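The values are calculated or read from the model by the stated rules, or taken from the named source; none is laboratory data. This one's a predicted model, so the numbers in the text were calculated from it and none came from an experiment. Ideal geometry is used to build each Cβ from the backbone, glycine not excepted, and the neighbour counts take in all protein chains shown.
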Amino acid sequence: MKHKLAMIFTGGTIAMKIDPDLHAAIPALNADEILGMIKNVRDLTDLEIINFSNLPSPHITPDIMMELYKKTKELSENESITGIIITHGTDTLEETAYLLDLLLDTPKPVIIVGAMRNFSELGYDGSSNLAAAICTALSPKSRDKGVLVVMNNEVNAASQVTKTNTLSLDTFKSPEFGPLGIVDNDEVIYYRNMPDRQRIQTDKIEKKVALIKAVPGLGSDIFSFYIQSGYKGIVIEGLGRGNVPPQMISGIKQAIIASIPVVLVSRCNTGRVLYTYGYEGGGKHLRDMGVIFGGNLPGQKARIKLMLLLGMTNDMDKIRELFETTI
Ligand code: ASP
């Protein structure tokens, strides 16, 4: 008996062509046109196609991510479906993938896939990426691994992967941990297991969460703006091990006094933040002020996590615990 996969099409370069007037890529392909490029797909699997949207991924909002979560959850609860594949633009793919990974509670494979070259370019990679995603979703070895990102024949965990290059086909990397596995000769081969995952139980997302990148001499005005504008959480991409310029301190204090959780991660590509330095603006100073340490997440993922945690609770201690507990 053939297995059935659900395929949710959301858009991105995988569904784009060059517009002859604009000389630039825009959404153009529908699900049938994309699937038509994989020659034996319907021999391999039955498909349930969901034309969710045809959006470039910079147009994907937190609300749309939550709609996608609800749809994916509903499909994962359908007994006839073995796994779910989601096509997505690569620019914000890691954020959608991480959001789904934090929320979904299913052993079924959930795979996110995109393309770096549009259909008008030589070497369109949409069909090979989608074929690899299908092989991954059909493998029983892909169960219980959380949400997976399959691109360029590599399988990466949503919680670990990031887009590392603006044009390379090999852009999705887990710089800290390496890939979970590869797709070779239509078979998925896992090199390592997924560590325990963190889950957040909520169907709400707090959208007013800001991300601030620390740079030398950055002051506190930006904090006053966010506090006055009703922001409910702030993520700082700090310097190095988790330090900020002293000029940012008064803004951070104001936010914490206003009960706004301030989460610190690093603008470095890899490594955890820690309270190593005791000078003004150093990690120890920030910790003593009540800043929450966000481990080795990049800023954009820490923001997604804080948005979901604030959807679940206003309890600062709970938010701290869920950021600072290493799993
Ligand atoms: N800008 C495109 C998008 O994210 C890039 C891509 O899909 O590769 O929609």
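Quick check on my filter: what residues within the stretch 52-82 are over 21 Å from ASP203 (Cβ atoms), more than 16 Å from the chain's Cα centre (by Cα) and within 16 Å of the ligand (Cβ to nearest atom)? Give the steps one after another, and end with the answer.
Applying the first criterion (over 21 Å from ASP203 (Cβ atoms)) to the stretch 52-82 yields 54-59, 79-80, 82.
Adding the requirement that they be more than 16 Å from the chain's Cα centre (by Cα) leaves 54-55, 79-80, 82.
ASN54, LEU55, listed by residue number.
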Exactly one of LEU55, LEU99 is over 19 Å from ASP125 (Cβ atoms), of a type in the set (A, V, I, L, M, F, W, C), out of contact with any strand residue (DSSP E or B) (no Cβ under 8 Å at 6 or more places or on another chain) and modelled with pLDDT of 95 or more, and that one is LEU99
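Mind listing just one residue for me: the one in the stretch 176-208 that is in a loop (DSSP other than H, G, I, E, B) and among the hydrophobic types (A, V, I, L, M, F, W, C) and, of those, modelled with the lowest pLDDT?
Among those that are in a loop (DSSP other than H, G, I, E, B) and among the hydrophobic types (A, V, I, L, M, F, W, C), it is MET194.
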Out of the stretch 83-129, which residues are out of contact with any Phe, Trp or Tyr (no Cβ under 8 Å at 6 or more places or on another chain), small (Gly, Ala, Ser) and within 11 Å of the ligand (Cβ to nearest atom)? GLY89, GLY114
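Yes or no: PRO62 touching a residue at least 24 places away in the same chain (Cβ under 8 Å) and within 19 Å of MET116 (Cα to Cα)?
For PRO62, the condition - touching a residue at least 24 places away in the same chain (Cβ under 8 Å) and within 19 Å of MET116 (Cα to Cα) - is not met.
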Among residues of the stretch 4-32 being part of a loop (DSSP other than H, G, I, E, B) and surrounded by 14 or more Cβ atoms within 10 Å (Cβ to Cβ), the residue farthest from the ligand (Cβ to nearest atom) is ASN30
Is at least one residue of the stretch 189-203 of a type in the set (A, V, I, L, M) and either buried (at least 21 other Cβ atoms within 10 Å of the Cβ) or within 16 Å of the ligand (Cβ to nearest atom) (or both)? no
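Helices (runs of 4 or more DSSP H) wholly in the stretch 240-327 with at least 2 residues that are among the polar types (S, T, N, Q) and surrounded by fewer than 24 Cβ atoms within 10 Å (Cβ to Cβ) - which ones?
Because the criterion is at least 2 residues that are among the polar types (S, T, N, Q) and surrounded by fewer than 24 Cβ atoms within 10 Å (Cβ to Cβ), the helices (runs of 4 or more DSSP H) in the stretch 240-327 that meet it are 249-257.
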